[in-house]
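Since the structure comes first, as C-alpha cells, the remarks are kept for the end.
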C-alpha cells in the first residue's frame with residue numbers, strides 16, 4: 001500500500017474539517033446535497049463528454065494505483081536481465097526458453113521469446129517499442145481523465161455558486177429562503193476547488209508518475225534484451241542498466 005497517498009487523503013480531510021472547526025464552524029455546514037450534485041454531476045458529465053469510453057474504463061481500472069501501485073523493482077529487474085545474459089552466454093539464446101515460459105511480466109516474456117526465436121536486434125527494438133509506447137500512452141491518457149476533471153470542477157463550483165445566488169436574488173422578499181441559497185453558493189465553490197486541488201489533480205499527477213515509472217522499467221528491460229541479442233558481456237549490461245536507477 002502507498003502510505004504517502006493514504007496520509008495525504010487523511011491530512012486533507014483533517015485540514016479542511018479541522019480548520020472549519022477552529023473557525024467556529026460545524027461539519028454540517030460543509031454538507032450540502034444540491035451543491036454536491038451540481039459539482040460532482042457536472043464534473044462527471046464534462047468528463048464523459050470529452051473522454052472515449054475505453055479511456056474512461058482504463059481510468060477506473062488504474063485508480064487503485066493510488067493506494068495499491070504496481071510494484072516496479074528496478075534492482076530486481078536488472079538482476080533478472082543479468083541472469084538471462086549469463087544463461088544466454090552459457091547455453092545460447094535457446095537456453096532462455098525456460099525463462100520465457102516462467103516469466104510473469106508480459107513485456108519481458110515477449111522480449112525473451114523474440115530472443116529465443118532468433119529475431120534480429122532491430123526487429124526486437126521495433127516490436128517492443130510499439131508495446132512500450134502504446135501502454136505508456138494508454139496509461140497517460142487515463143491519468144489525464146482525472147486532470148481534466150480537476151480543471152472542470154472549480155468552474156462547475158462557480159456555476160453552482162451563481163445558481164445559488166440567483167436563488168437568493170429571487171427570494172429577497174422571503175428571508176426564510178435566503179439561507180439555503182447562500183449555502184449552496186458558498187459550499188458549491190468549496191466543493192469545486194476542494195475536489196480539484198485536494199483529490200482530482202493530485203490523483204492525476206500521481207497516476208502519471210506511476211505510468212512513467214513503469215515505462216522506464218520497460219525501457220530498462222528493452223535495453224537489456226537488446227544487449228543480450230547483441231552478445232554483450234553480462235558485466236557491461238549490468239553497468240549500462242544501472243543508469244536507469246533512481
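Restricting attention to region 101-116, and to residues there that are part of a helix (DSSP H, G or I) and free of Cβ contacts under 8 Å to residues at least 12 places away in the same chain, which single residue is nearest to residue 6 (Cα to Cα)?
Taking the candidates together, the pick is 106.
Scan region 36-55 and tell me whether some residue there is part of a helix (DSSP H, G or I), over 27 Å from the mean Cα position of the chain (by Cα) and more than 17 Å from residue 197 (Cα to Cα).
no
Which residue pairs have Cβ atoms under 8 Å apart, sit 6 or more places apart or on different chains, and have a first residue in region 7-18 that is outside the structural domain of residue 191 (by TED's automatic domain parsing) and a second that is part of a helix (DSSP H, G or I) and surrounded by fewer than 12 Cβ atoms within 10 Å (Cβ to Cβ)?
Partner pairs satisfying both residue conditions: 17/27.
I want to confirm something. Restricting to region 138-181 and keeping residues that are in a helix (DSSP H, G or I) and at pLDDT below 70, which single residue is surrounded by the most Cβ atoms within 10 Å (Cβ to Cβ)? Please lay out each step first, then the result.
Within region 138-181, the first condition is being in a helix (DSSP H, G or I), and the residues that meet it are 138-169, 175-181.
Add one more test, that the residue is at pLDDT below 70, and what stays is 175-181.
Values: 175: 8, 176: 7, 177: 14, 178: 15, 179: 11, 180: 15, 181: 19.
That would be 181.
Please verify whether region 194-215 includes one or more residues that are outside any helix (DSSP H, G or I) and modelled with pLDDT under 95. If you could, list the steps in order and put the result at the bottom.
Quick first cut of region 194-215, residues outside any helix (DSSP H, G or I) only: none.
Scanning region 194-215 turns up no residue that is outside any helix (DSSP H, G or I) and modelled with pLDDT under 95.
Any chance region 28-35 includes a residue that's within 16 Å of residue 199 (Cβ to Cβ) and not in a helix (DSSP H, G or I)?
Looking for residues that are within 16 Å of residue 199 (Cβ to Cβ) and not in a helix (DSSP H, G or I), one finds none in region 28-35, hence no.
Condition test on residue 78, is it at pLDDT below 90 and either part of a helix (DSSP H, G or I) or under 30 Å from residue 182 (Cα atoms) (or both)?
Spelling it out, it is not the case that residue 78 is at pLDDT below 90 and either part of a helix (DSSP H, G or I) or under 30 Å from residue 182 (Cα atoms) (or both).
Given (1) part of a helix (DSSP H, G or I); (2) surrounded by fewer than 16 Cβ atoms within 10 Å (Cβ to Cβ); (3) without any contact (Cβ under 8 Å) to a residue 60 or more places away in the chain, identify the lone condition not met by residue 87.
Status for residue 87: all satisfied but (2).
List the number of the failed condition for residue 69; all other conditions in (1) touching a helix residue (DSSP H, G or I) at 6+ places or on another chain (Cβ under 7 Å); (2) over 25 Å from residue 186 (Cα atoms); (3) part of a helix (DSSP H, G or I) hold.
Going through (1) touching a helix residue (DSSP H, G or I) at 6+ places or on another chain (Cβ under 7 Å); (2) over 25 Å from residue 186 (Cα atoms); (3) part of a helix (DSSP H, G or I) one by one, residue 69 breaks only (3).
Determine whether residue 108 is under 30 Å from residue 242 (Cα atoms) and either at pLDDT 90 or above or in the same structural domain as residue 138 (by TED's automatic domain parsing) (or both).
It is true that residue 108 is under 30 Å from residue 242 (Cα atoms) and either at pLDDT 90 or above or in the same structural domain as residue 138 (by TED's automatic domain parsing) (or both).
Could you check residue 119 against (1) more than 16 Å from residue 80 (Cα to Cα); (2) in a helix (DSSP H, G or I); (3) touching a residue at least 40 places away in the same chain (Cβ under 8 Å) and say which number it fails?
(2)
Just to be sure before I move on: is residue 98 crowded, with 16+ Cβ neighbours inside 10 Å and free of Cβ contacts under 8 Å to residues at least 24 places away in the same chain in the structure I sent? Working first, answer last.
Values: crowded, with 16+ Cβ neighbours inside 10 Å: no; free of Cβ contacts under 8 Å to residues at least 24 places away in the same chain: yes.
Here the answer is no, as residue 98 does not meet what is asked.
The values are calculated or read from the model by the stated rules, or taken from the named source; none is laboratory data. Please read all numbers here as calculations on a predicted model, not as lab measurements. Every residue, glycine among them, receives a Cβ derived from its backbone with ideal geometry; neighbour counts consider all protein chains shown.
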